[in-house]
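Just so it is clear, none of the values below were taken in a lab; they were calculated from the coordinates. Bear in mind that the values here come from a model prediction, so they are computed numbers and not experimental data. Note that we place each Cβ from the backbone using ideal geometry, even for glycine, and neighbour counts take in every protein chain shown.
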Amino acid sequence: MDTQVETYIETQVETYIETQVEKEMETHIGTETETEVETKVETETENPSVTFDTTYTHVIENFGFGDIPISEVIEIYKDGRPFSHFIEAWLAHNYPLIRNQNKCGKYDFTDRNNENIKYDEKTFTKTKGGCKFMPSNMIGEGRTFNKEIFEEKAKKLIYIIVSNIHFPVIKIKFVRGIHLMVRYPTGIIPLKDFDKFFD
């Protein structure tokens, strides 16, 4: 990542944390000290079992469906909707993650070594024009983006951004939600940022 971009993100994250501390202090006046609140905001995703901001590349093998030509199966896997069912199971087998059995839950995984650390998988696809990492109930026709709810959720999560654009080659990157939302405040990583994001 470019040094100037890193510096900008760090500054924005620090500013965001300071703002959150002020909000938390207003909410918890008389019950928590400033240090306690600051620690709470900064450590919601601390000490996970994964490495942040590193791109992992995998080649998926042994996939198919009966006598459907493999070229057609590949195109189906490039659609984020069917792909998500398979990638979530695959991630739990290949990374230190435990799947959330509640399919309508607010996150997809917990950390195998710390159940308080939550992860959400989002797919970077051509069909969606990149990656939308806002809550699912904000995606789709007639649905609206709520910045406050988006930020509240993002700061508590680690996002697993998975690209299926070149399936069966996939790319995976773990990113703190607080960093991702500062870099992409609308909850969308555009398709044009593919190389930059996974670099």
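Here are the numbers for this structure:
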item: Ranked by how many other beta carbons lie within 10 Å on average, peptides 190-197, 171-178 from highest; result: 171-178, 190-197
item: Extension gain (nm, one decimal) between Glu148 and His166, 0.36 nm per residue minus Cα-Cα; result: 3.1 nm
item: Tyr107/Thr54 FRET efficiency (R0 22 Å; Cβ-Cβ; nearest 0.05); result: 0.55
item: Convex hull of Cα atoms in the stretch 49-198, direction-averaged projection (nm²); result: 9.2
item: Footprinting exposure proxy for Val169, Val162 (fewest neighbouring C-beta atoms within 10 Å first); result: Val169, Val162
item: FRET efficiency for Arg183 and Ile98, using Cβ-Cβ distance with R0 set to 22 Å, rounded to 0.05; result: 0.20
